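As structure tokens, the structure follows; a few thoughts come after it.
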Amino acid sequence: MSLQNKVAIITGAGRGIGRAAAMRFAKEGVKVVVAEIDSKEGKETVDLIKAAEGEAFFIQVDITRTDDAKKMIDSAIEKYGRLDVLFNNAGIELTGKVEDMSEANWDRLLGINLKGIFLCCKYAIPHMLRQGAGAIINTASIAGLFGLSNEGAYCASKGGIIALTKALAMDYAPSNIRVNCLCPGPTATRLTPDRTAIIEKIPMGRLGKPEEIAAAALFLASKESSFITGHALVVDGGFTAGYKIN
């Protein structure tokens, strides 16, 4: 995928889609910065990459904190001298109607899912501008494309990611920085509850695999997608293709 010796930061890389992406990117010869708030899980991802003869290092980061986000970017530059890919994958899901959701939980969810992307981009983009190129991938969701009951805050955060992605793409396309987002459907991670009911609604009859979302991220990071920017790539087994009657 033409990414040999490139440098990528992947947030939320301690498990799920983030870990799968870190493993896949490293397999393609990418030097991976494993960014994760949980040090145990982050270090486990690095160990797995190194066991497969890949290159990676771990940095503990809370992406809602300005100092942490800046330190993460600076550490990647200090370690590898450049930054080619930023995969803003970290995110959480909190359910509840707005009348029942506390202000603290609203702020926490929007802080991680949306503000975190803002901060990471804010400090990564200047380095990409100096290099003359870069690729940014943000993990949104099909929940950003339509409303889900009991998911107001989550939908708001993911819809915001899609809109932010498109705005960033417009701002930085002239500088050869591409910005796209992924909209995964139900995927086999800790965030997917009540799997039987969900699987019944998926035309392909199964949950997505983290590795399948990782493959889509790899495509958006590579030269194979060189004329794609501002795009929300849906990876959902046909979930949003239409209404499944039987």
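Failed condition for Gly208, given (1) surrounded by fewer than 21 Cβ atoms within 10 Å (Cβ to Cβ); (2) over 19 Å from Ile117 (Cα atoms), with all others met?
The single condition Gly208 does not satisfy is (1).
Could you list all residues from segment 72-92 that are farther than 13 Å from Thr11 by Cα and either of a type outside the set (S, T, N, Q) or assigned to a loop (DSSP other than H, G, I, E, B) (or both)? Talk me through it step by step, then tell me what you get.
Going residue by residue through segment 72-92, those that are farther than 13 Å from Thr11 by Cα are 74-75, 77-84.
Listed by number, the residues that qualify are Asp74, Ile77, Glu78, Lys79, Tyr80, Gly81, Arg82, Leu83, Asp84.
Among the residues of segment 113-161, which ones are β-branched (Val, Ile, Thr) and under 18 Å from Ile17 (Cα atoms)? Break it down stepwise before answering.
Quick first cut of segment 113-161, residues β-branched (Val, Ile, Thr) only: 117, 125, 136-137, 139, 142, 161.
Hits for segment 113-161 are Ile117, Ile136, Ile137, Thr139, Ile142, Ile161.
With the checklist (1) touching an Asp or Glu at 6+ places or on another chain (Cβ under 8 Å); (2) surrounded by fewer than 18 Cβ atoms within 10 Å (Cβ to Cβ) in hand, flag the one item Arg130 doesn't pass.
Exception for Arg130: condition (1).
Please go through segment 1-36 and give me each residue that is within 16 Å of the chain's Cα centre (by Cα), closer than 20 Å to Ile136 by Cβ and outside any helix (DSSP H, G or I), ordered by number.
Val7, Ala8, Ile9, Ile10, Thr11, Gly12, Ala13, Val32, Val33, Val34, Ala35, Glu36 - these are the residues of segment 1-36 that are within 16 Å of the chain's Cα centre (by Cα), closer than 20 Å to Ile136 by Cβ and outside any helix (DSSP H, G or I).
One residue is enough: does segment 200-212 have a residue meeting the conditions touching a Leu at 6+ places or on another chain (Cβ under 7 Å), not in a loop (DSSP other than H, G, I, E, B) and not basic (Lys, Arg)?
Taking segment 200-212 first, the residues touching a Leu at 6+ places or on another chain (Cβ under 7 Å) are none.
There is no residue in segment 200-212 that is touching a Leu at 6+ places or on another chain (Cβ under 7 Å), not in a loop (DSSP other than H, G, I, E, B) and not basic (Lys, Arg).
Give me a count of the residues in segment 48-64 that are in contact (Cβ under 8 Å) with a residue 24 or more places away in the chain and either of a type in the set (Val, Ile, Thr) or assigned to a loop (DSSP other than H, G, I, E, B) (or both).
To start, the set of residues in segment 48-64 that are in contact (Cβ under 8 Å) with a residue 24 or more places away in the chain comprises 48-49, 52, 54-64.
Those still in the list that are either of a type in the set (Val, Ile, Thr) or assigned to a loop (DSSP other than H, G, I, E, B) (or both) too: 49, 52, 54, 59, 61-64.
The number of residues fulfilling the criteria is 8.
Is there a residue in segment 87-104 that is surrounded by 20 or more Cβ atoms within 10 Å (Cβ to Cβ), among the hydroxyl-bearing types (Ser, Thr, Tyr) and at pLDDT 95 or above?
Step one: list which residues in segment 87-104 are surrounded by 20 or more Cβ atoms within 10 Å (Cβ to Cβ), which gives 87-91.
Narrowing the set further to residues that are among the hydroxyl-bearing types (Ser, Thr, Tyr) leaves none.
The answer is no, given that none of the residues of segment 87-104 is surrounded by 20 or more Cβ atoms within 10 Å (Cβ to Cβ), among the hydroxyl-bearing types (Ser, Thr, Tyr) and at pLDDT 95 or above.
At pLDDT 95 or above, part of a helix (DSSP H, G or I) and exposed (fewer than 15 other Cβ atoms within 10 Å of the Cβ): does that describe Glu224?
Details: at pLDDT 95 or above: yes; part of a helix (DSSP H, G or I): yes; exposed (fewer than 15 other Cβ atoms within 10 Å of the Cβ): yes.
Here the answer is yes, as Glu224 does meet what is asked.
Only residues that are closer than 25 Å to Ile125 by Cβ and surrounded by fewer than 18 Cβ atoms within 10 Å (Cβ to Cβ): list them for segment 1-27, please.
Ser2, Gln4, Asn5
Answer yes or no: is there a residue in segment 143-152 that is on the phi < 0 side of the Ramachandran plot, of a type in the set (Gly, Ala, Ser) and part of a loop (DSSP other than H, G, I, E, B).
Start the filter on segment 143-152 by keeping residues that are on the phi < 0 side of the Ramachandran plot, which leaves 143-149, 151-152.
Keeping just the survivors that are of a type in the set (Gly, Ala, Ser) gives 143-144, 147, 149, 152.
Imposing the further condition that a residue be part of a loop (DSSP other than H, G, I, E, B) reduces the set to 147, 149.
Checked against the condition, which is being on the phi < 0 side of the Ramachandran plot, of a type in the set (Gly, Ala, Ser) and part of a loop (DSSP other than H, G, I, E, B), segment 143-152 yields at least one hit.
The values are calculated or read from the model by the stated rules, or taken from the named source; none is laboratory data. Predicted, not measured: the structure shown is a model, and the values here were computed from it. In this analysis, Cβ positions are derived from the backbone assuming ideal geometry, glycine residues included, and neighbour counts consider all displayed protein chains.
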